[in-house]
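First comes the structure, then the notes that go with it.
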Amino acid sequence: MPKTSTNVLHPIPFSAWGLGFERPLLIAGPCSAETEEQVLATAKGIAATGKARVLRAGLWKPRTRPGHFEGAGNEALAWLRRAKAETGLLTMTEVATTDHVEACLKAGIDMLWIGARTTPNPFSVQELADALRGVDIPVFVKNPINPDLQLWIGALERMDRAGIKRLAAIHRGFTWFERTPYRNSPMWEFPIRLKAAFPDLEIICDPSHIAGNREKLGTIAQQALDLGLSGLMLEVHQDPDNARSDAEQQIAPREYGALIDSLLFRSATPTAPMQDRLEELRDLIDQLDEEIAQKLGTRMDIAERIGDHKRAHQVAILQPERWDRIMRRQLKLAGHLGLSQAFVKEFMDAVHRESIRRQTDEQSSPVGVVPAGSPLSPGNGVDG
Ligand code: PEP
Ligand code: MN
């Protein structure tokens, strides 16, 4: 784990933010504010569920490529104000430049968030921090798109040093170089490590940008709650299919209400006492161990299927260069994740031995099959 001992934050709990909410904080709203009617209809739909305290909407949208809808901009500030007046929901939007900050402060937006494409840039974050110095407004910092805990912490620290007291983090998943079932890999270890470093920091989850589709929202939201995160931010749109950004992952207000109803909320997290903290951390460990076991099970199933496939096509099971590649990749990852090479090598060797056992247990064909009991050394690779 990267060193965090020198990091300093002074987080205060939601209950002390003076905004009338506490854990779990529920935030809902469209990816983008598109029109006044869309913002108002969505806000009213959300308010009618009674399941959110805050209305989110992006006014300035950071798009990966130009030519897409880039948000309604300043004009939409008045729409949010009106939505607040008509529903009582607090308002929240993303700021990426000092102009955005100034416009939001002038318009009386209640809370701000820093987006996943801004957090990785210390220059941008520092500019925002300077624009916010001396201003008492709640700020949420999304994780950087790349899995780098120190960048996330760094952005939080810049806000903290600028005097932002009502400071929280949003976990929205990470870009990963391999295909995963998610738009952004949840990599739960990151919010867990952040929480371990700063036990009092409120971290909420944005299942919409992790999932990237509607089907997985519930599972991710539940996982976040089970891990003790402090709330949820979900993208909700009056007419999700026709949303101008992130249409696939947005849901209608009614579906949002049903989703929140389907979740299991743990009773309010107790604060401070040593025993509670220990139990909280143990819960996290249990959850991670379960995930590791599930992933290992899936991996072995797949390795077995590869074995079947090779047998069916009369291909040798032993493919040393494949194993070399796997091991090299894992050792490189180990470096990135702060794990020791020796540990990762030992772990992967054990996984490898079990894969070999699973692939060679049913010896239906002699082609390339390792005889039972063969002393396979790591480096005599089989797939998976
Ligand atoms: C958003 O919340 O709509 C958004 C752009 O999110 P992120 O910065 O997490 O990609
Ligand atoms: Mn979005």
Name all residues of region 44-80 having a backbone nitrogen under 19 Å from the label point set 7 Å from the Cα of Glu36 along its Cα→Cβ direction, giving them as ranges.
44-45, 57-60, 71-80
With θ set to phi - 60°, apply the Karplus curve 6.51 cos²θ - 1.76 cosθ + 1.60 along region 137-152 and write out the HN-Hα couplings as whole Hz, x wherever there is a Gly or Pro.
10, x, 10, 10, 10, 6, 5, x, 4, 8, x, 9, 4, 5, 5, 5
Non-local residues with an amide H under 5 Å from the amide H of Ala72, with H modelled 1.01 Å from N and Pro and chain starts lacking one, are Ala33
What is the set of long-range amide H partners of Leu234 at a cut-off below 5 Å, with H atoms built 1.01 Å from backbone N?
Ile27, Ala28, Gly29
Sequence neighbours fewer than 8 away in the same chain don't count; with that in mind, list the lysines whose C-alpha is under 16 Å from Lys332.
Lys345
Which trypsin sites (Lys or Arg not before Pro) in region 129-180 pass both tests, a DSSP loop state and at most 16 other beta-carbon atoms within 10 Å?
Arg133, Lys165, Arg179
Pop the C-beta distance of Glu215 and Arg305 into the FRET formula with R0 = 25 Å and round what comes out to the nearest 0.05.
0.55
State the extension gain, in nm to one decimal, for the chain segment bounded by Asp130 and Glu189, taking 0.36 nm per residue of separation less the distance between their alpha-carbons.
18.2 nm
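Kindly state, to the nearest 0.05, the FRET efficiency for Ala78 paired with Ala247, given R0 = 30 Å and r defined as their beta-carbon distance.
0.75
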Counting other Cβ atoms within 10 Å of each Cβ, which GluC sites (Glu not before Pro) in region 176-267 have at most 14 and sit in a DSSP loop?
Glu178, Glu215
For the pair Leu288 and Phe343, the simple spin-label estimate (label points 7 Å beyond Cα toward Cβ) gives in nm 0.9
Pairs from Lys44/Lys106; Lys61/Lys106; Lys165/Lys216 whose Cα-Cα separation, in the structure shown, is over 28 Å:
Lys165/Lys216
Arg117 and Thr298 label points (each 7 Å along its Cα→Cβ direction) are spaced in nm at 2.9
Between Thr175 and Val8, what length in nm is gained on full extension when 0.36 nm per residue of separation is reduced by their alpha carbon distance?
57.5 nm
Can you give the alpha-carbon Rg of the chain over 2.2 N^0.38 Å, where N counts its residues?
1.13
Starting from region 1-104, pick out the trypsin sites (Lys or Arg not before Pro) whose DSSP state is loop and whose Cβ has at most 16 other Cβ atoms within 10 Å.
Lys3, Arg63
Could you give the nm distance between label points at Asp99 and Leu19, where each point is 7 Å from its Cα heading toward the beta carbon?
2.6
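When a footprinting reagent is the concern and you count Cβ atoms within 10 Å, what order do Met92, Met233 take, fewest first?
In increasing order of surrounding Cβ atoms, one gets Met92, Met233.
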Given the rule -39500 (n - 2.57) for each run of at least 4 DSSP H residues, summed and divided by the residues of the chain, what is its mean residue ellipticity at 222 nm, to the nearest 500 deg cm²/dmol?
-14500 deg cm²/dmol
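Please give the FRET efficiency for Arg277 paired with Ala316, using the beta carbon to beta carbon distance and R0 = 41 Å, rounded to the nearest 0.05.
Using R0 = 41 Å, I get an efficiency of 0.20.
Since every read-out is calculated from the coordinates, none of them should be taken as a lab result. Since the model is a prediction, treat every value here as computed from it, not as a measurement. Cβ coordinates were reconstructed from backbone atoms using ideal geometry, including for glycine residues, and neighbour counts include every protein chain displayed.
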